[in-house]
Amino acid sequence: MNFLIGFLIAAAVGLTGIGGGSFTVPALVLIVGLGAGEAVGTAFLFAGVLRLIAAPFYLLKKQIHARYLWLLLQGAVPGLLVGTWALHLLNRNAGSPVVILLLGILLAVSSSVTFIRRAQNHAFAGKNHRWLPWLALPIGVESGFSSAGAGALGTVLLLNYSEMTPAQVVGTDLLFGLVLAIIGSAFHWTFGSISMPILFQLLLGGVPGVVLGCLLARRVPANKLKTAVAMVAIFAGLQLVWSGSRTLVARRSANTAKIAAVAGVGHAP
């Protein structure tokens, strides 16, 4: 199962540049059974290795825009540090259902912009490039706190508010996510929140998966690639919404049962 999870997520990363954190954390929590903090740390390092393998494919094809990459990092790296610090401060409670629910809503809504032509402004970045670091700041915070968002939100931001082609967006965002993954993994390594056995199992499927995704990306037309990126991001957001909602309902039911039990004991003769 871990091999299959790693292969599918890696193929998505190689093809679209997204999915490393958005898919991995819910999968590790819901399917593998890792704790939230350990799932985030493992997902960070897994996504970093995948992007390290995928990045040369796009570098060789010169599909990375250095200027936009630098602008994104100016805002996202400080945000990543804030998010990681908050995660550690809250005792690695990255699986908070409220946080996962909000992130899922953000991913789904922002990705939907791709299908709303009136909301797109491809000349925005060229005329207002100073705003990009500020727009990337919350992406870094979300990535630091939950390991998700760097790929999906970064891709959606560049797809709809820059003049880059979809292939350039994927390449630039891959390198963007790689830098964030390296920094985030270093912090989580010091926290001891990485499951190495699970990581190795994921990589057994992930390495061939990401190579296959990168090779297939060459044959996918630009418009179809853009649609695929948006659809994967929306699916990732809905997946997180479901996960967060499910956990919230379970916790509320448990709290209600405890209150009822306490009330019953209090009224017992």
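The values are calculated or read from the model by the stated rules, or taken from the named source; none is laboratory data. None of the values given here were measured: they were computed from a predicted structure. In this analysis, Cβ positions are derived from the backbone assuming ideal geometry, glycine residues included, and neighbour counts consider all displayed protein chains. Ligands, DNA and RNA are excluded from the accessible area calculation, which covers all protein heavy atoms including side chains. Shrake-Rupley method; radii C 1.70, N 1.55, O 1.52, S 1.80 Å.
Restricting to the range 173-194, give me the number of residues that are at pLDDT 85 or above and open to solvent by 10 Å² or more (accessible area, probe 1.4 Å).
5
Give the range 41-70 a look and list any residue that's in a helix (DSSP H, G or I) and open to solvent by 70 Å² or more (accessible area, probe 1.4 Å), or say none.
Those that are in a helix (DSSP H, G or I) and open to solvent by 70 Å² or more (accessible area, probe 1.4 Å): Leu52, Leu59, Leu60, Ala66, Arg67, Trp70.
Would you please name the residue that is most open to solvent (accessible area, probe 1.4 Å), looking only at residues in the range 1-26 that are of a type in the set (A, V, I, L, M), modelled with pLDDT under 80 and farther than 14 Å from Phe44 by Cβ?
The residue in question is Met1.
Taking the residues in the range 233-247 that are of a type outside the set (S, T, N, Q) and at pLDDT 80 or above as candidates, determine which candidate is farthest from the chain's Cα centre (by Cα).
Applying the filter and picking the extreme gives Arg246.
Here are some residues: Ala167, Ala217, Ala230. Which one is of a type in the set (Gly, Ala, Ser), under 17 Å from the mean Cα position of the chain (by Cα) and modelled with pLDDT under 80?
Going through Ala167, Ala217, Ala230 in turn, the sole match is Ala230.
Please work out if Val98 is modelled with pLDDT under 75 and out of contact with any Lys or Arg (no Cβ under 6 Å at 6 or more places or on another chain).
yes
Evaluate the following for Leu225: is it among the aliphatic types (A, V, I, L, M), at pLDDT 75 or above and farther than 20 Å from Val32 by Cβ?
Taking the combined requirement at face value, the residue does not satisfy it.
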